[in-house]
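Every number in this text was worked out from the coordinates using simple rules, so none of it is lab data. Just so it is clear, the structure is predicted and the values come from calculations on it, not from any experiment. Here the Cβ positions follow ideal geometry from the backbone for every residue, glycine too, while neighbour counts run over all protein chains shown.
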Amino acid sequence: MGLKPDHWIRRMAHEHKMIEPFVENQVREGVISYGVSSYGYDVRVANEFKIFTNVFSAVVDPKHFDTKSMVDFVGDVCVVPPNSFALARTVEYFRIPRNVLTVCLGKSTYARCGIIVNVTPFEPEWEGFVTLEISNTTPLPAKIYANEGLAQVLFFEADEACDISYADKKGKYQKQQSIVLPKL
């Protein structure tokens with residue numbers, strides 16, 4: 001299994017619609033970068049957010065998630081409260097081939113500001129918009145810029161396809177169309 005370079009990502013995006021919409025080169029001017037990088041793809045965050053709040057005194061329970069623990073926000077700039085958390089989704093829709101595994105990591109521009117994006121894999125044959133988990137670890141409010149880069153996806157191609165893919169096991173987050181909350 002090996003890390004895949006930019007020309008492989010471009011080919012897979014065009015031939016297999018692996019990433020849509022696809023930005024051929026890295027966009028950097030005046031924005032937090034997005035698009036193809038040397039060995040990955042920098043994804044953009046859409047303008048839809050779910051921000052955690054304690055207004056309703058809900059308890060966060062991954063087995064019985066209470067939507068009262070969040071408020072919905074749509075806008076070009078989302079402010080995540082101090083020591084809080086938000087969910088968002090990518091602008092890009094992914095279709096991961098059966099012999100590919102990805103790892104999604106937060107961008108260093110945000111990390112240097114105390115804003116952490118959860119590390120997550122996209123399993124073989126998973127598809128959908130990616131739900132992004134954004135933590136503000138600082139004691140200050142933090143801005144997240146919609147339609148700009150938030151995380152980088154690294155692609156690893158295996159020498160042979162897996163026996164059981166995410167699609168085969170009918171994964172609970174398959175074909176996400178929006179921000180998807182925890183499921184059991």
Return a whole-number percent for the relative contact order of the chain, with Cα pairs under 8 Å and 6 or more residues apart as the contact set. 28
State, to one decimal in nm, how far the label point of Lys17 lies from the label point of Val55, with both points 7 Å from Cα in the Cβ direction. 3.9
Which cross-chain or sequence-distant (5 or more) residues have an amide H under 5 Å from the amide H of Tyr93, H modelled 1.01 Å from N in plane? Glu20
With DSSP loop assignment and no more than 16 other C-beta atoms within 10 Å, the GluC sites (Glu not before Pro) in segment 21-129 are Glu24, Glu29
222 nm [θ] for the chain, helices only, -39500 (n - 2.57) per DSSP H run of 4+, per residue, to 500? -2000 deg cm²/dmol
Surpassing 25 Å at the alpha-carbon level, of the pairs Lys50/Lys107; Lys143/Lys172; Lys17/Lys169; Lys68/Lys172; Lys63/Lys170; Lys50/Lys175, are Lys143/Lys172
Between Glu29 and Arg98, what is 0.36 nm times their sequence separation minus the Cα-Cα distance? Round to one decimal in nm. 21.4 nm
Longest exposed-site-free window of the chain, the sites being trypsin sites (Lys or Arg not before Pro) in a DSSP loop that have at most 13 other C-beta atoms within 10 Å: 113-168
Calculate the spin-label point distance for Gln174 paired with Tyr39, positioning each point 7 Å from the Cα along the beta-carbon direction, and give it in nanometres. 3.1
proj_area_mean for the chain (convex hull on C-alpha atoms), units nm², value 10.7
Under the 7 Å Cα-to-Cβ spin-label approximation, Thr138 and Ala161 lie apart by a distance in nanometres of 4.6
Counting only residues 5 or more places away or on other chains, whose amide H sits under 5 Å from the amide H of Cys162 once H atoms are built in the peptide plane? none
Taking Cα pairs under 8 Å and at least six residues apart, what relative contact order does segment 8-75 come out at, in percent? 21
As an exercise, use a Förster radius of 45 Å and the Cβ-Cβ distance of Val79 and Trp8 to find the FRET efficiency, rounded to the nearest 0.05. 0.75
For Ser37, residues with placed amide H under 5 Å, excluding near neighbours: Asp42
Angle between the chain longest axis and helix 6-16 axis [Cα atoms, degrees, rounded to 10]: 90
Explain nothing, just compute: Karplus ³J(HN,Hα) = 6.51 cos²θ - 1.76 cosθ + 1.60, θ = phi - 60°, for every residue of segment 163-173 in order, whole Hz, x for Gly and Pro. 6, 10, 8, 4, 5, 4, 8, 6, x, 5, 10
